[in-house]
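Data block below; observations after.
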Amino acid sequence: MIGSKDETGGCQGCVAEYLGGQRFALRLRLPPALCQSGEKYQRLEIALPYGTDQLVAALTLEQAVSYRFQRDARGWRVFVTTQALPFAQATGGSASLGAISTPNT
């Protein structure tokens, strides 16, 4: 499901709601063939052990969020993709720990 920053929750087909900790509720929009008793949405609760802060920030900043659902031998997996948060570069320390540079020409 491809995300868009113009959509509520960053995606039209799947909208995440932060529940606290590592927990999220996903509201999936279903195609008519999969709708039961006329309901257009399916709600799932999931835990995302990695990238929780990035997803919460993306939802807060109204960034695009894309989802991929994959079924394998262990069950269903959800892959969430969004723009990475900016971070401050850290430099310094000792040159004896290693360095990368380009030669002067």
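Where a number appears in this text, it was derived from the coordinates with a stated rule and is not lab data. In this text the structure is predicted, and so the values were computed from the model without any measurement. With ideal geometry, Cβ positions are generated from the backbone for all residues, glycine too; neighbour counts draw on all protein chains shown.
Here the simple spin-label model places points 7 Å from the Cα toward Cβ, and for residue 30 and residue 43 these points are separated by 1.4 nm. Quarter the surface of the alpha carbon convex hull of segment 1-71 and you get the mean projected area, 5.2 square nanometres. For segment 26-32, 3J(HN,Hα) computed residue by residue from phi via the Karplus equation (6.51, -1.76, 1.60; θ = phi - 60°) reads 10, 10, 8, 8, 9, x, x Hz, glycine and proline entered as x.
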